[in-house]
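Just below is one structure, and these are the notes that go with it.
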Amino acid sequence: MEFPMSQPKQPAEPTAVTLKHAESYRDSYANSVQVRMSVWDFFLVFGTMRQEAPEGVTIENFQGIYISPQQAKALVNVLGHNLAQYEQTFGAIALEPHFVPGGPVH
């Protein structure tokens, strides 16, 4: 009995990606990002922080975004790659001395 040899499938042509902005799209500046997580997702809360008095700061949150754990990991990879390129071009980014990894991120 003969079996016809099948040709391996050729990879499909890349799919074109079109970027569009929703009507509600806006650009904003954030100097505060709070991260909350659950077993299902991560919640990123963006805001602007201002020091209105010597004894404290005010954070005005303006947008919250839920992302999946997979998207969070992809975001870490993309940001890490872009930060490395930024530092290679402009020099090392110094964090404030009192920054403690694992604490709240503002």
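For this structure, a couple of remarks:
- Per-region count, the stretch 53-84, residues open to solvent by less than 80 Å² (accessible area, probe 1.4 Å), hydroxyl-bearing (Ser, Thr, Tyr) and at pLDDT 95 or above: 1
- Being over 23 Å from ARG26 (Cβ atoms) and either among the aliphatic types (A, V, I, L, M) or surrounded by 12 or more Cβ atoms within 10 Å (Cβ to Cβ) (or both) is a condition met by no residue of the stretch 40-52.
- Here VAL105 does not fit the description of being at pLDDT 95 or above, β-branched (Val, Ile, Thr) and open to solvent by less than 100 Å² (accessible area, probe 1.4 Å).
- Elements of type strands (runs of 3 or more DSSP E) contained in the stretch 31-102, each with 3 or more residues being over 14 Å from the mean Cα position of the chain (by Cα): 42-53, 56-67
The values are calculated or read from the model by the stated rules, or taken from the named source; none is laboratory data. The structure presented is a predicted model; accordingly, all values stated were derived computationally and were not measured. Glycine also receives a Cβ, built like all others from the backbone with ideal geometry; neighbour counts cover every protein chain displayed. Heads up: the accessible areas ignore ligands, DNA and RNA and are worked out on the full protein's heavy atoms, side chains in. Shrake-Rupley method; radii C 1.70, N 1.55, O 1.52, S 1.80 Å.
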